[in-house]
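One structure below.
The values are calculated or read from the model by the stated rules, or taken from the named source; none is laboratory data. Only a predicted model underlies this, so the values are computations on that prediction, with no experimental measurement involved. Positions of Cβ are generated from backbone atoms using ideal geometry, with glycine treated the same way; all protein chains shown enter the neighbour counts. Please note that ligands, DNA and RNA were not included when accessible areas were found on the heavy atoms of the full protein model with its side chains. Shrake-Rupley method; radii C 1.70, N 1.55, O 1.52, S 1.80 Å.
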Amino acid sequence: MENITLGQNGPVVTPLCIGTWAWGDKLFWNYGDRYGPEQLQEAFNAALEAGITFFDTAEVYGMGKSETFLGQFLQQTQQPVQIATKFGPLPWRFTAQSVSDALTASLKRLQLEQIALYQVHWPFAFFLSQETLMNTLADEVKRGRIGAVGVSNYSTEQMRDAHQILAVRGVPLAVNQVRYSLLSRQIESKGIIATARELGVTILAYSPLAQGLLTGKYSVDNAETPTGPRKIDPRFKKEGLQKIAPVISLLRSFGEKYDRTPAQVALNWLIAQGNVIPIAGVKTAEQVRQNAGALGWTLSNDEIGELEQVSRLWL
């Protein structure tokens, strides 16, 4: 598998990232119901066995539990692993010290001296200016506590601003983590992906399987319903599933050709965009192995184009 450098000179990571939002999260993912610490440990081990060593977390995932689990699992391996986590610019965080304190807390939970990639979780910073925030992150890069700086959910303009502030300090903006899948392609129409390429910023694609819609598990003919808040998501209702049926049909068709699942084809399409790393969320070792099937092969240019055409509704 061909590894990818984050941004211009950031950490070198695998072309698929393991997402850990579900690691300890009860509200959205029902942590503790049918999966717990044992399953998460198995998932971590399965990722390393598959050669996937890039994990994405955040301080808010499971209220710190996700970082804590990763910290524990990291102690049990000698293999180099790259961790990305995220800082939340909450209303009561309005000083440079509050940013550094949050980083200190994440490092402690992860049991690390340096985080490979530290990202700002969302752009609205309340009382904390982007200048203060980005300059503090640049300071932490110089201190050696952060390997690379990233942002998440930033628009084209917000990404340019962050890039410019960091550039003055000689620190590149490495990534913008955004929602991106065949059923969520707005970063193309809004110019975010083009700007990222221009600035040398890598796109980390969260929700690359549209919260399960692109797995083919949910269809008009299938009685299976999603858990948690997805139950009330209109995309999982009959009309929503009918709308995505042509996309699922094409994913199945290509999947049969390559002996892959619809989900593996959907992830492969994202990787084929270039400088895009999908973050595939997992709870179990089996899910890791399924996602790993997106690697080691490539859709043809014609097939990439066909998927681009059938999903134009979501631009």
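Among the residues of region 211-219, are any closer than 19 Å to Gly281 by Cβ, in a helix (DSSP H, G or I) and of a type in the set (Ser, Thr, Tyr)? Yes, because at least one residue in region 211-219 is closer than 19 Å to Gly281 by Cβ, in a helix (DSSP H, G or I) and of a type in the set (Ser, Thr, Tyr). Can you find a residue in region 188-198 that is free of Cβ contacts under 8 Å to residues at least 24 places away in the same chain, within 28 Å of Ser300 (Cα to Cα) and in a helix (DSSP H, G or I)? Looking for residues that are free of Cβ contacts under 8 Å to residues at least 24 places away in the same chain, within 28 Å of Ser300 (Cα to Cα) and in a helix (DSSP H, G or I), one finds at least one in region 188-198, hence yes.
Count, please, the residues in region 136-157 that happen to be among the charged types (D, E, K, R), within 18 Å of Gln97 (Cβ to Cβ) and open to solvent by 30 Å² or more (accessible area, probe 1.4 Å).
Of all residues in region 136-157, those among the charged types (D, E, K, R) come to 139-140, 142-143, 145, 157.
Within this subset, residues satisfying the condition of being within 18 Å of Gln97 (Cβ to Cβ) are 139-140, 142-143, 145.
Next, from what is left, pick out any that are open to solvent by 30 Å² or more (accessible area, probe 1.4 Å): 139, 142-143, 145.
The qualifying residues number 4.
Every listed requirement among (1) small (Gly, Ala, Ser); (2) under 30 Å from Leu70 (Cα atoms); (3) not in a loop (DSSP other than H, G, I, E, B) is met by Ser253 save one, (2).
For the structure I just gave you, tell me whether Pro80 is touching a Ser or Thr at 6+ places or on another chain (Cβ under 9 Å) and open to solvent by 10 Å² or more (accessible area, probe 1.4 Å). Break it down stepwise before answering.
Numbers: touching a Ser or Thr at 6+ places or on another chain (Cβ under 9 Å): yes; open to solvent by 10 Å² or more (accessible area, probe 1.4 Å): yes.
Yes; evaluated as a whole, the condition is true for this residue.
Filter region 85-102 for residues that are of a type outside the set (A, V, I, L, M, F, W, C) and touching a residue at least 12 places away in the same chain (Cβ under 8 Å) and give the result.
Of everything in region 85-102, those that are of a type outside the set (A, V, I, L, M, F, W, C) and touching a residue at least 12 places away in the same chain (Cβ under 8 Å) turn out to be Thr85, Lys86, Gly88, Pro89, Pro91, Arg93, Thr95, Ser98, Ser100.
If you check Ala22 against the conditions, is it in contact with a helix residue (DSSP H, G or I) (Cβ under 9 Å, 6 or more places away or on another chain) and over 19 Å from Ser106 (Cβ atoms)? Answer is no for this residue. Every listed requirement among (1) in a loop (DSSP other than H, G, I, E, B); (2) within 22 Å of Glu67 (Cβ to Cβ); (3) open to solvent by 10 Å² or more (accessible area, probe 1.4 Å) is met by Thr104 save one, (1). Per the conditions (1) out of contact with any strand residue (DSSP E or B) (no Cβ under 6 Å at 6 or more places or on another chain); (2) open to solvent by 10 Å² or more (accessible area, probe 1.4 Å), the sole criterion not satisfied by Gly10 is (1).
Tallying residues that are open to solvent by 40 Å² or more (accessible area, probe 1.4 Å) and touching a strand residue (DSSP E or B) at 6+ places or on another chain (Cβ under 6 Å) within region 205-263 yields 1.
Tally time: how many residues in region 293-315 are closer than 22 Å to Val12 by Cα and either in contact with a strand residue (DSSP E or B) (Cβ under 9 Å, 6 or more places away or on another chain) or surrounded by fewer than 19 Cβ atoms within 10 Å (Cβ to Cβ) (or both)? Adding up the residues that qualify gives 4.
Of all the numbered requirements in (1) within 19 Å of the chain's Cα centre (by Cα); (2) open to solvent by 10 Å² or more (accessible area, probe 1.4 Å), Asp33 misses one, and that requirement is (1).
Residue-level check: of (1) in contact with a Phe, Trp or Tyr (Cβ under 7 Å, 6 or more places away or on another chain); (2) assigned to a helix (DSSP H, G or I); (3) open to solvent by 60 Å² or more (accessible area, probe 1.4 Å), Phe94 misses just (2).
Scanning region 167-179 finds one or more residues that are open to solvent by less than 10 Å² (accessible area, probe 1.4 Å) and under 26 Å from Lys26 (Cα atoms).
Considering only residues in region 264-284 that are touching a Ser or Thr at 6+ places or on another chain (Cβ under 9 Å), aliphatic (A, V, I, L, M) and not in a helix (DSSP H, G or I), the one that is surrounded by the fewest Cβ atoms within 10 Å (Cβ to Cβ) turns out to be Val276. Tell me, which residue of region 50-67 that is in contact with a helix residue (DSSP H, G or I) (Cβ under 6 Å, 6 or more places away or on another chain) and more than 24 Å from Ala292 (Cα to Cα) is most open to solvent (accessible area, probe 1.4 Å)? Of everything passing the filter in region 50-67, Glu59 is most open to solvent (accessible area, probe 1.4 Å).
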